[in-house]
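The values are calculated or read from the model by the stated rules, or taken from the named source; none is laboratory data. Here the structure is a predicted model, which is why all the values come from computation and not from measurement. Cβ sites come from the backbone with ideal geometry, for glycine too, and all protein chains shown count toward neighbours.
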Amino acid sequence: MPALTGLNLVKNREPIIKAQSGYNIRAIAAKAIFAVLEQRKSLQEVLPEALLKVKEQDKAWLHEMVYGVLRQLPTLQFWLRQLLQSPIKNDARIIEHLLYLGLYQLHFSRVSQYAAVSETVSACQPLKQAHLKNLVNAVLRNFERQSIADKPPEEERVSLNLPKWYYKKLKAAYPDNYQDIAVQQACKPPIWLRVNVRNISATDFAAALSSAQIQFEQDAQMPSTFKLLDNSRINQLPGYEDGWFSVQDKAAQHAAHYLAPQPQETILDACAAPGGKYCHILELQPALQQCIALEVDEIRSKSILENTTRLGLAAPDVRIADANDIARWNSEQRLFDKILLDAPCSATGIIRRHPDILWLRKNQDISNLVSLQAQILDSLWSQLKPGGTLLYATCSILPEENTQQVAAFLARTEDAIAIPLDPTHSGDGSERQILPGESGMDGFYYAKLQKRYP
């Protein structure tokens, strides 16, 4: 059967299933996907609004479908091109995104073929594209009849579900294992918890989880780190309201340990929102002289207060300012013993949690971020005491943001030296690149720098 187009429909004789009463969850999902891919909105902006529109029992399904389409987008586009003579354009373009959803359901989900086809067709009505029901029905049925999924794409980046810009960068940076990294980034990530040792011991928290019949693994190297093995809701876990734990990936939990806060130190956590690392610092060392959370985004900074309040920590010293605007946020002209710089970055290490990154980022964004990181590094270095340490961190896996950035900083900064991340471990290096999936972690980078005495 020939490919179909939104302009020249092939008459399909199979019955069209009428939409069920009430909302159509597939229409809501298609709008969310459209908002990311066409309107360039982030999932953090789009998904909460979409979830408000669906029934409680449908929230997990909506989340899985939207994330799944974004993770498999190049494959879905490859399939759809074989089923359409030309893209669907103008006001009807949202139907193309609805078809991505339908194809994903048919091949990757446990949704029955009947439901995937009939309910996706029904979504045309609330999307105000009822005239394209026959098209949607025919495309989805032809996908099955023609065994489209059995024809693998020739282009490797499509089979790896990567955009061109990221495929080139990933292959150049990791020529020996870029394929494995891509596979890991398409996987659903685990949920990691960090025990608030000021409120409960790791042993008691483990006992509470076991008593609630919640499956978990306790990390051998980091006993206060737990990985959930089931789909329990976070706010229903034991001790959530009492501040027993935080949700934080294991890779990010290394930050406070590498910083190693000591009593009476002054510490700056730059780019601090949502406050996970800031709270961890306060949990590890309650006897700090001062700990400032610096954040440029006033809205995001509110999460720092919310987290410290739930965890029962001291009221945070939050300052809203650009890190480069030192006069605005450091009027006391205080120098710090330690600085944590969790720098703005491409977030390529957390793509499995935020697959929209692949489609919202552009190649030029990386060079702009590298310039910004260098500016912030130089600015904050001037706020560090002689003998003090700066921990540079990103959730990126791109060398230009990490190893190359640090090497360039050391080359232009005479009083900066690289020191071991963890001096208690013999032979521990001054930097560490964690790749996605390594021990179940997100991708993350750390480097530890010390300011020489004059």
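Here are some notes:
- Any hit, the stretch 131-148, residues being surrounded by fewer than 20 Cβ atoms within 10 Å (Cβ to Cβ), closer than 20 Å to GLY68 by Cα and among the β-branched types (Val, Ile, Thr): yes
- Filtered residues of the stretch 106-124 (kept if outside any loop (DSSP other than H, G, I, E, B) and in contact (Cβ under 8 Å) with a residue 24 or more places away in the chain): LEU106, HIS107, PHE108, GLN113, ALA116, VAL117, SER118, GLU119, THR120, VAL121, SER122
- Residues located in the stretch 333-380, provided they are surrounded by 22 or more Cβ atoms within 10 Å (Cβ to Cβ), among the basic types (Lys, Arg) and under 30 Å from VAL46 (Cα atoms): none
- With respect to the conditions (1) over 26 Å from ILE397 (Cα atoms); (2) loosely packed, with under 15 Cβ neighbours inside 10 Å, ALA220 falls short on a single one, namely (1).
- Test: residue in the stretch 125-137 that is farther than 29 Å from ILE357 by Cα, in a helix (DSSP H, G or I) and touching a strand residue (DSSP E or B) at 6+ places or on another chain (Cβ under 8 Å): yes
- Restricting the first member to the stretch 434-454 and to residues that are over 15 Å from LEU340 (Cβ atoms) and at pLDDT below 95, and the second to residues that are part of a strand (DSSP E or B) and of a type in the set (Gly, Ala, Ser), the beta-carbon pairs closer than 6 Å and six or more apart or on different chains are TYR453/GLY387.
Let's see how each residue does on (1) crowded, with 22+ Cβ neighbours inside 10 Å; (2) in a helix (DSSP H, G or I); (3) not assigned by TED's automatic domain parsing to the domain that holds SER211:
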residue	(1), (2), (3)
ASP242	no, no, no
LEU268	yes, no, yes
LEU282	yes, yes, yes
SER331	no, no, yes
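- Scanning the stretch 32-80 for residues that are surrounded by fewer than 19 Cβ atoms within 10 Å (Cβ to Cβ), among the β-branched types (Val, Ile, Thr) and within 20 Å of HIS107 (Cα to Cα) yields a count of 0.
- Looking at ILE417, ILE366, ILE434, just one residue is in contact with a Gly (Cβ under 7 Å, 6 or more places away or on another chain) and in the same structural domain as ALA327 (by TED's automatic domain parsing), and that residue is ILE434.
- Positions within the stretch 159-170 being under 21 Å from the mean Cα position of the chain (by Cα) and either of a type in the set (Val, Ile, Thr) or at negative phi (or both), in sequence order: LEU160, LEU162, PRO163, LYS164, TRP165, TYR166, TYR167, LYS168, LYS169, LEU170
- Hits in the stretch 439-454 (condition: in a loop (DSSP other than H, G, I, E, B) and within 20 Å of VAL183 (Cα to Cα)): MET441, ASP442, GLY443
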